[in-house]
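J.: What follows is a single structure, and I will ask about it in a moment.
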């Protein structure tokens, strides 16, 4: 087996409380360890001087759109975008057409990801058949097909009874239910956050309460059942506080924040640019501050993009008709650096923890670590690399990026999946650059 030495990098692995300048050794598809292992001669060397070497980033909230909406994204283009953003593993949401609600559907996604040969893909199964909220999906079959968690994301599980049964059933398999927290009766017809800006613009609002009442419900159902609930894309101050209290009470609840929700506010909608339209919507500066505090104190365990690609012609419609969502895989690192690292809200170790081992634990997957013997998924980051966000140059099939045109700092320079170099910057896709050892 070929041996790779990644030399002189700042190796950060929160799963081992490691942060030191040293060498990382890979043999074949596995991590050997750090330091100068005896009796190993490298077949290839990467000089990581001045760069960060960490476990491959994990984005546990991605929409790949295949099957059914390949005009927006495919598994191949979405996983290429993941690599370009430093992400080696994604969990893909089940709101495809048809929904990922069967063993065969989960197996299809895994097969397509293997054919693409880029980032790892872990399917999230639908909680209900067709994501219609009326009848539980075949959860056992989905687990056999490779589903790592369950959600009707894109829609809430409106019935408390069905959500309760889902938590009980998933507990049997030690799988988390990922909650899209939204009371549809309160948000129907809404375009943006309900507040001063929506009133001034004359647009129907989505109140923060619509998110918070469902977070409360699902935390209480997790308490009742002993199941694991993960709150997706938390956007309100009240939601952060509910998760904080749930954790204090010993309930098995985790939460995630998305970069757009801790950097942007509803003021952006004054431009009527649909690239700032999403669900849950951009909230107020008060909510942004609460999310940042939740990330800092550990209330919010995970950072995920909610990468939601839409073909340009769909986002070009009037604001009230345009679909919700923004892409985020290829801007994940620089936006986190600007919003979290540079102001000192998180340390590098804390940020990487929320992008590696924490999502791996929520999903129950064997990724997110550089322990000896672990699968060699590795991301090398240059935190000082300056570049301009140009969606036309993205690997994603869609262009709905809220940070287009901005100059940012930090990006992945080398991305390794199972010991194979799958991405290098500024070269791009490996080929002549050398994919593999």
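J.: Does residue 115 satisfy being surrounded by fewer than 22 Cβ atoms within 10 Å (Cβ to Cβ) and outside any loop (DSSP other than H, G, I, E, B)? Explain how you work it out, then say what you get.
T.: Numbers: surrounded by fewer than 22 Cβ atoms within 10 Å (Cβ to Cβ): yes; outside any loop (DSSP other than H, G, I, E, B): yes.
Yes, satisfied.
J.: Can you report the number of residues in region 404-424 which are surrounded by 20 or more Cβ atoms within 10 Å (Cβ to Cβ), touching a helix residue (DSSP H, G or I) at 6+ places or on another chain (Cβ under 9 Å) and in a loop (DSSP other than H, G, I, E, B)?
T.: 0
J.: Just to confirm my filter: which strands (runs of 3 or more DSSP E) fall fully inside region 27-112 and include at least 2 residues that are touching a strand residue (DSSP E or B) at 6+ places or on another chain (Cβ under 7 Å) and either free of Cβ contacts under 8 Å to residues at least 60 places away in the same chain or surrounded by 24 or more Cβ atoms within 10 Å (Cβ to Cβ) (or both)? Spell out how you get there, then give the answer.
T.: Working: elements: 30-34, 44-47, 52-55, 57-62, 87-92.
Here the list reads 44-47, 52-55, 57-62, 87-92.
J.: Counting residues that are crowded, with 16+ Cβ neighbours inside 10 Å and on the phi < 0 side of the Ramachandran plot, which helices (runs of 4 or more DSSP H) fully inside region 272-355 reach at least 3?
T.: Of the helices (runs of 4 or more DSSP H) lying wholly inside region 272-355, those with at least 3 residues that are crowded, with 16+ Cβ neighbours inside 10 Å and on the phi < 0 side of the Ramachandran plot span 285-297, 332-336, 348-355.
J.: Going through 242, 221 one at a time, which residue ends up being crowded, with 21+ Cβ neighbours inside 10 Å, within 15 Å of residue 150 (Cβ to Cβ) and in contact with a helix residue (DSSP H, G or I) (Cβ under 6 Å, 6 or more places away or on another chain)? Walk me through it before giving the result.
T.: Details: 242 fails: within 15 Å of residue 150 (Cβ to Cβ).
One residue alone meets the criteria, 221.
J.: Still on this structure, please answer the following. Is there a residue in region 140-160 that is closer than 17 Å to residue 215 by Cα, at pLDDT 95 or above, assigned to a helix (DSSP H, G or I) and assigned by TED's automatic domain parsing to the domain that holds residue 85?
T.: yes
J.: To continue, here is another question. If you take the residues in region 167-186 that are free of Cβ contacts under 8 Å to residues at least 40 places away in the same chain and in a helix (DSSP H, G or I), which one is nearest to residue 153 (Cα to Cα)?
T.: Taking region 167-186 first, the residues free of Cβ contacts under 8 Å to residues at least 40 places away in the same chain are 169, 172-173, 183-186.
Okay, now just the ones that are also in a helix (DSSP H, G or I), so 169, 172, 184-186.
Working: 169: 18, 172: 21, 184: 13, 185: 17, 186: 17 Å.
Top of the filtered list is 184.
J.: Moving to a separate point now. Restricting attention to region 193-220, which residues are under 27 Å from residue 254 (Cβ atoms), touching a strand residue (DSSP E or B) at 6+ places or on another chain (Cβ under 8 Å) and in contact (Cβ under 8 Å) with a residue 60 or more places away in the chain?
T.: 193, 206, 208
J.: If the requirement is being over 20 Å from residue 256 (Cβ atoms) and under 23 Å from the mean Cα position of the chain (by Cα), which of these qualifies: 192, 172, 214?
T.: Step by step, each of 192, 172, 214 is checked, and only 192 is over 20 Å from residue 256 (Cβ atoms) and under 23 Å from the mean Cα position of the chain (by Cα).
J.: A further question on this structure: Tally the residues that are buried (at least 16 other Cβ atoms within 10 Å of the Cβ) and under 11 Å from residue 218 (Cβ atoms), restricting the search to region 158-181.
T.: The number of residues fulfilling the criteria is 9.
J.: Do the conditions hold for residue 226, that is, is it buried (at least 19 other Cβ atoms within 10 Å of the Cβ) and in contact (Cβ under 8 Å) with a residue 12 or more places away in the chain?
T.: No.
The values are calculated or read from the model by the stated rules, or taken from the named source; none is laboratory data. Note that the coordinates shown come from a computational prediction; the quantities given were computed from them, not determined experimentally. No Cβ is skipped: glycine too gets one built from the backbone with ideal geometry, and neighbour counts run over all protein chains shown.
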